[in-house]
Amino acid sequence: MVDRRINYKFNVNLAVRNKAFEKSVGIRWTWNNWKTYNDSTAAFVRKIDDQFELWSVNVDAGTSWSASGSQPDEISFTAFASFAKGETQWDPLANYWIYKKATQNEPLAYLASAVKYQPSDKKAYLSGIIRAYPFTTTADTQPGKLKVRWSVDGWKTTQDTVAQTYKQGDKTWSWTFLVALDPVNLPADVSFAVLYESSKGVFWWNNGGANKVHKLKPTVTFRNTVDLSNPVDGVINLSADFSSDLLLAPPGQGRVDTAPFTSLTTVGTIVDTSKLTNGPHTFSARIALEDGTIAATYTQPFTIEHGRVAWASYRSPTDGKVYISYEESVARYTTYGTIHPPEVVISIFHAEFVTADTEGNIYITTSNGISKYDPHGTPVTLFGKNGTLNLRDGTFGDDTFCWIGQPVVYGAFIVVPDTCHARLVRLDATTGAYQSSVSIDGTRNPTVVYLTLDPDTTTPAVWATAQTAEYQRLVKVDINSMAVTGDEVV
């Protein structure tokens, strides 16, 4: 039996812009189509010119056994450079291939393409590389043999551009050409296919009939904590995500009506609608390219109707700070009704309601319980188990919480609505220990969701909403005695 073990090695040379003295350069590579990958570090070789340096990486891809002794189907890689302050930049041509073949039966093998905005001339370019099988070396490697047919208007019109560079060693054609002149009025996208006029006939690569498409003008997805198709009120969160194959300058900017544009954050833009008049308003979001040129602005209308309540938000009466609960986080904002980054963000899965005490400790309910954090966003380990109290683990016997409503914190107490059992439960605010409870209706039919601290602090009390299909009641409960002291059907 012949030993067919083969050690796969390859070398990659990289031209790296000298943005900073301290940098780490390398490649990330795979030979199983990115199911797994490895990082290999490059070494500095020499200075190329005043702007670029040459780095080189030698990769030992390991030993494999093959009955035929052939190479693996493919090894692909992308290059990166990490600079000071943690900034990492990746090669815009996402994948390079070591082995991907062009054959007589399939004479074109697409390798990579990318679009790039050039700040120096404020234009966008399309680059690409494809491998072509040379049926006749002298004839099929001549300039003009390979063209890129492309369109920026959905194929209403097309242009053919000749691939400029042929590399004999790996039989690849590459190109870079202008596709957009004005960064303010970018086309939606650029689509292309590749035409190879070989000595054996004409061949196309068109991405399986779909053509290759790169997005130019950024698109937007609005993210809001409330449904803006209906009138809104209270503290709301407006935000937007942008997408483009060009390099953008996140996170974008936002404003309401004609207010100044300010930076959007990862959790969004806080808006106090009490500052706005009843009627129609507009949220605008815009995104810039890497040099700050605004590439797209989008608007989303919404209507204010005062008298409604925004779900999952809380304003502290002590210092006016605003807390907003999102799907997987809670944010505290330093002022009420302005657009700026949040003061603190807490990552928590399935955050629902949020409140705070006079010392700035934050209490967040989830589907399973309630968690307590200090003003810096660190779990308070004395509360429950390492900062979280599970209200659905059997602590309350058969009366385990099935869903937890808006809590209220007063002094040393937390009052929590048990929505399914129509009761309020008082817990110790320091440890989370159970203290007392009171039934709102004597049955398990009403749903209790919201609690509000009574403004008259002479006798501390909360107002709870108890709702059925037939009616809604407001019930007043004394916090000290946990007794019902008021009841009104609305």
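The values are calculated or read from the model by the stated rules, or taken from the named source; none is laboratory data. For clarity, every value in this text was computed on a predicted model and none was experimentally measured. Cβ placement follows ideal geometry from the backbone for every residue including glycine, while neighbour counts extend to all protein chains displayed. The protein model used for the area step is the full one, side chains on, heavy atoms only, and it has no ligands, DNA or RNA in it. Shrake-Rupley method; radii C 1.70, N 1.55, O 1.52, S 1.80 Å.
What the table shows:
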quantity	calculated
Index of the failed condition, Ser120 passing every other in (1) of a type in the set (Ser, Thr, Tyr); (2) in a strand (DSSP E or B); (3) at pLDDT below 95	(2)
Qualifying residues in the stretch 8-48 (those that are modelled with pLDDT under 80, touching a strand residue (DSSP E or B) at 6+ places or on another chain (Cβ under 6 Å) and within 21 Å of Asp170 (Cβ to Cβ)) - the one surrounded by the fewest Cβ atoms within 10 Å (Cβ to Cβ)	Lys9
Scope the stretch 208-223; condition in a strand (DSSP E or B) and crowded, with 18+ Cβ neighbours inside 10 Å; matching residues	Lys212, His214, Val220
Some residue of the stretch 225-233 being surrounded by fewer than 21 Cβ atoms within 10 Å (Cβ to Cβ), free of Cβ contacts under 8 Å to residues at least 40 places away in the same chain and in contact with a helix residue (DSSP H, G or I) (Cβ under 9 Å, 6 or more places away or on another chain)	no
Residue pairs meeting the criteria (Cβ under 6 Å; at least 6 apart or on separate chains; first free of Cβ contacts under 8 Å to residues at least 12 places away in the same chain and at positive phi, in the stretch 243-265; second surrounded by fewer than 13 Cβ atoms within 10 Å (Cβ to Cβ) and of a type in the set (A, V, I, L, M))	none
Count - residues of the stretch 131-145 that are more than 16 Å from Thr103 (Cα to Cα) and either in contact (Cβ under 8 Å) with a residue 60 or more places away in the chain or crowded, with 17+ Cβ neighbours inside 10 Å (or both)	2
Selected residue (criterion: modelled with the lowest pLDDT) from residues of the stretch 272-294 that are open to solvent by 20 Å² or more (accessible area, probe 1.4 Å) and among the hydroxyl-bearing types (Ser, Thr, Tyr)	Ser274
Phe401, sole failed condition from (1) of a type outside the set (A, V, I, L, M); (2) in a strand (DSSP E or B); (3) at pLDDT below 80; (4) buried (at least 23 other Cβ atoms within 10 Å of the Cβ)	(2)
Test: residue in the stretch 245-266 that is part of a strand (DSSP E or B), surrounded by fewer than 16 Cβ atoms within 10 Å (Cβ to Cβ) and not polar (S, T, N, Q)	no
Hits in the stretch 426-449 - residues which are of a type in the set (A, V, I, L, M) and at pLDDT 90 or above	Leu427, Ala429, Ala433
Any pair with Cβ under 6 angstrom, 6 or more apart, that starts in the stretch 87-116 at a residue that is modelled with pLDDT of 85 or more and in a strand (DSSP E or B) and ends at one that is among the small types (Gly, Ala, Ser) and surrounded by fewer than 19 Cβ atoms within 10 Å (Cβ to Cβ)	Ala114/Ser127
Number of positions in the stretch 295-315 that are modelled with pLDDT of 75 or more and more than 29 Å from the chain's Cα centre (by Cα)	1
Every pair of residues 6+ apart whose Cβ atoms lie under 8 Å, when the first sits in the stretch 190-219 and is on the phi > 0 side of the Ramachandran plot while the second is open to solvent by less than 20 Å² (accessible area, probe 1.4 Å) and assigned to a strand (DSSP E or B)	Asn207/Ala193; Asn211/Ser191; Asn211/Phe192; Asn211/Ala193
Residue within the stretch 195-207 that is closer than 29 Å to Ser243 by Cα, open to solvent by 70 Å² or more (accessible area, probe 1.4 Å) and modelled with pLDDT of 95 or more present	no
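Here's the yes/no breakdown for (1) under 23 Å from Thr262 (Cβ atoms); (2) at pLDDT 75 or above; (3) open to solvent by less than 10 Å² (accessible area, probe 1.4 Å):
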| site | (1), (2), (3) |
| --- | --- |
| Asp319 | yes, yes, no |
| Ser329 | yes, no, no |
| Phe349 | no, no, no |
| Thr366 | no, yes, no |
| Lys372 | no, yes, no |
